[in-house]
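Report on one structure; see the data block that follows.
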Amino acid sequence: MEHNWTSDNLTSLQSHILAEEQKYEDATGEFSWILSAISLATKAIGNKVRCARIEDVVGEVGSENVQGEMQHKLDVISNELILRCLGDRDNVGILASEENETPFFLRKRTEGGKYAVLFDPLDGSSNIDVSVGVGTIFSVLRLPDGGTREDAILQKGNKQVAAGYVLYGSSTILVLTTGNGVNMFVLDQAIGSFVLVEAKLQIPNGNKTYSINEAYTARFSDGVQSYLEWAHQNNYSSRYIGSMVADVHRTLLKGGVFIYPPTSDKPEGKLRLMYEANPMAMIIEQAGGKATALGDRILDIHPTGLHERTSVVLGSTDQVDQFLKHTT
Ligand code: P6P
């Protein structure tokens with residue numbers, strides 16, 4: 001078969017970012033500097049996750065994080081890797097992690113601190129002990145010139161300049177959007193690079209699959225229970241891994257709807273707005289899907305706190321709309 005070398009090429013994350021940058025004449029390369037730090041940190045985290053049993057870093061540290069959840073050894077290791085890789089990027093002004101109560105204010109806007117990076121360093125880490133896919137989720141915001149440091153990161157999700165996740169699963173997958181579609185990269189261990197495998201990903205409609213923890217059904221609202229009864233009678237299938245990055249990645253590639261609704265014991269929902277729901281919502285919308293918090297567009301929610309929680313209903317537009325028919 002004759003190859004067309006102008007299209008059948010090998011594109012690394014680095015060259016993809018630089019090519020994207022060329023499209024914007026005022027691009028300074030600073031933004032690419034941040035994404036390369038995220039790439040480095042997540043390659044290191046992926047290595048730690050793969051060697052977890054060997055290096056005996058599975059299990060709990062014995063302390064709780066700011067969320068009141070037991071910290072796992074790899075949560076701490078992953079958090080430190082990201083802080084070290086991003087901390088020395090001189091255009092990063094603020095770093096905010098799920099694992100830390102307060103943000104790290106590294107550089108003022110006047111000192112070149114142009115961006116904030118918010119992240120969940122290792123979401124779903126309780127699954128590591130049983131080798132289920134876990135992931136890193138990140139969100140990048142441009143910092144405003146004025147305003148207080150604390151308020152600088154409390155921006156709506158529609159202000160994100162980039163969002164993405166890395167899934168440490170059967171392969172290490174990086175999914176990234178910078179507001180110009182969604183691109184998927186796979187880590188080629190042989191060359192140590194994330195290589196582009198799919199550009200301008202679009203989430204398919206028509207997949208009658210829902211993803212929710214049905215063990216909580218008694219704690220769901222009447223509307224959510226009505227949806228589940230309807231789905232059971234309309235030949236839906238159910239897929240739930242209990243690791244957001246893995247569940248969202250499957251939804252992105254196959255379609256369907258991922259649901260983490262409010263429950264009687266968590267009326268505000270469980271998932272965090274700033275570094276879980278917002279980045280995932282940007283990705284899903286950029287792929288042509290829909291992401292709501294029971295009716296409100298997630299990206300339009302005005303945040304009031306770094307660690308605030310929200311309900312999440314995201315996926316194929318037809319499947320999200322079908323769910324919302326029962327709940328709004
Ligand atoms: P539940 C993992 O702990 C996590 O934060 C997400 O990755 C996941 O979607 C959710 O919690 C699972 O929660 O209550 O179903 O165990």
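Under the rule of -39500 (n - 2.57) per DSSP H run of 4 or more residues, summed and divided by the residues of the chain, what mean residue ellipticity at 222 nm is obtained, to the nearest 500 deg cm²/dmol? Walk me through the numbers before you get to the answer.
Details: 8 runs with 93 residues, N = 328.
About -8500 deg cm²/dmol.
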Residues of the range 233-248 with amide N under 18 Å of the 7 Å Cα→Cβ point at R219
240-244
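With every protein chain kept in place and ligands, DNA and RNA left out, what is the accessible area per residue of the chain? Probe 1.4 Å, answer in Å².
Working: 14380 Å² over 328 residues.
Spelled out: the 1.4 Å probe surface of the chain, per residue, equals 44 Å².
Taking 41 Å as R0, compute the FRET efficiency from the Cβ-Cβ separation of S237 and R50 and round it to 0.05. Walk me through the numbers on the way to the answer.
Details: r = 30 Å, r/R0 = 0.73.
The computed FRET efficiency comes out at 0.85.
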With θ set to phi - 60° and the Karplus curve 6.51 cos²θ - 1.76 cosθ + 1.60, what are the ³J(HN,Hα) couplings of the range 148-161 in order, to the nearest whole Hz, using x for Gly and Pro?
7, 4, 4, 6, 4, 9, 7, 9, 4, x, 6, 9, 4, 9
Low-density loop positions, trypsin sites (Lys or Arg not before Pro), the range 171-248 - DSSP coil, at most 13 other Cβ in 10 Å
K200
For the range 189-328, the Cα convex hull volume per residue in Å³ comes to 124
Sorting S316, T251, A277 by the position of each Cα along the dipole of the chain (Lys, Arg +1; Asp, Glu -1; all at Cβ), the one nearest the positive end of that ordering is S316
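Just in the range 225-328: which GluC sites (Glu not before Pro) are loop by DSSP and have at most 14 other Cβ atoms within 10 Å?
Details: sites: E229, E268, E276, E285, E308; in loops: E268, E308.
Sites meeting the loop and neighbour criteria: E268.
What does the C-alpha gyration tensor say about the overall shape of the range 13-198? Classify as rounded when a/c is under 1.5, otherwise prolate if a/b is larger than b/c, or oblate. It would help to have the intermediate numbers written out before the result.
Details: a/c = 2.11, a/b = 1.23, b/c = 1.72.
Oblate is the answer for the range 13-198, as a/c is 1.5 or above yet b/c matches or exceeds a/b.
Can you tell me the length gained on complete extension of the stretch Q22 to K159, counting 0.36 nm per residue apart and subtracting the Cα distance?
47.1 nm
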Pair Q189, H3: separation of 7 Å Cα→Cβ label points (nm):
2.5
Just flag the GluC sites (Glu not before Pro) in the range 74-165 sitting in loop per DSSP whose Cβ has no more than 16 other Cβ atoms within 10 Å.
E101
Tell me, what is the FRET efficiency for D296 and K266 to the nearest 0.05, using R0 = 22 angstrom and their Cβ-Cβ distance as r?
0.80
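The values are calculated or read from the model by the stated rules, or taken from the named source; none is laboratory data. These figures come from a predicted structure and were not determined experimentally. Every residue, glycine among them, receives a Cβ derived from its backbone with ideal geometry; neighbour counts consider all protein chains shown. Only protein heavy atoms, including side chains, enter the accessible area calculation; ligands, DNA and RNA are left aside. Shrake-Rupley method; radii C 1.70, N 1.55, O 1.52, S 1.80 Å.
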